[in-house]
Amino acid sequence: MRAALWLVGLFAVAVALALFAGDNEGTVTVFWPPHRIDLSANLALLLLGLAFTLLYLALRAFGALLELPRQARRWRTQQRERATHALLIDATAQHTAGRYLRARKAAEAALAREQALAESGESPPHAGGLRVLSHLTVAESAHALQDQATRDQHLDLALAAASAGGAAPELREGVLLRAARWALNDRDPAGALARLE
């Protein structure tokens, strides 16, 4: 239906142009000393339309050319973000599979990439949550490997990142619940209660 309407509209425009151009005997005279150029009104309108189209296309091309560096920078940033997300997904998959050293390395690599993005001023809007989840994955892996010093260090970093803003409040609650569970595993009920408070 839409194609038929376009076709009817195209025929209507063609008929209108034929009627207008067929009976138009006007002329346009351009004086360019010492020359004089006489053009038919139809040719003058056609040349004006062509000049407008060429100017419009040239301005669009120039605008696209000026836009290229910004688009390239945005594309590179998106690629870095995707690589960071891929590392965090890999860390989660490795942790789920019980490969705790690989999970820790992948999560630390995700943290390094996120830090590089933040230093370059191209930090994604969800960088806080990404940072908290990466620190939590490192802490989880360290807990599974019974490396309490690394676990506590990354737990504190995850809590600091969750409190700094940019992360959902549920993440802070999740980190605190995980810390309470670890305290119970370490047979420290007072520490678990302190985390729950």
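Things worth noting here:
- Candidate set: the stretch 12-35, residues that are farther than 19 Å from L48 by Cβ and at pLDDT 80 or above; chosen: the one nearest to the chain's Cα centre (by Cα): A12
- The listed residues are L111, L117, and the only one of them that is crowded, with 22+ Cβ neighbours inside 10 Å and of a type outside the set (K, R) turns out to be L111.
- Elements of type helices (runs of 4 or more DSSP H) in the stretch 86-197, at least 3 residues being modelled with pLDDT of 80 or more and among the acidic types (D, E): 100-119
- Of the residues making up the stretch 65-88, those that are over 30 Å from R102 (Cα atoms) and either more than 13 Å from the chain's Cα centre (by Cα) or loosely packed, with under 11 Cβ neighbours inside 10 Å (or both) number 8.
- Options L68, L59, L48, L39: the member that is within 30 Å of L19 (Cα to Cα), free of Cβ contacts under 8 Å to residues at least 24 places away in the same chain and in a helix (DSSP H, G or I): L48
- Filter pass, F62 being among the aromatic types (F, W, Y) and under 30 Å from S120 (Cβ atoms): yes
The values are calculated or read from the model by the stated rules, or taken from the named source; none is laboratory data. None of the values given here were measured: they were computed from a predicted structure. Counting neighbours? That spans all protein chains shown, and the Cβs are built from the backbone with ideal geometry, glycine included.
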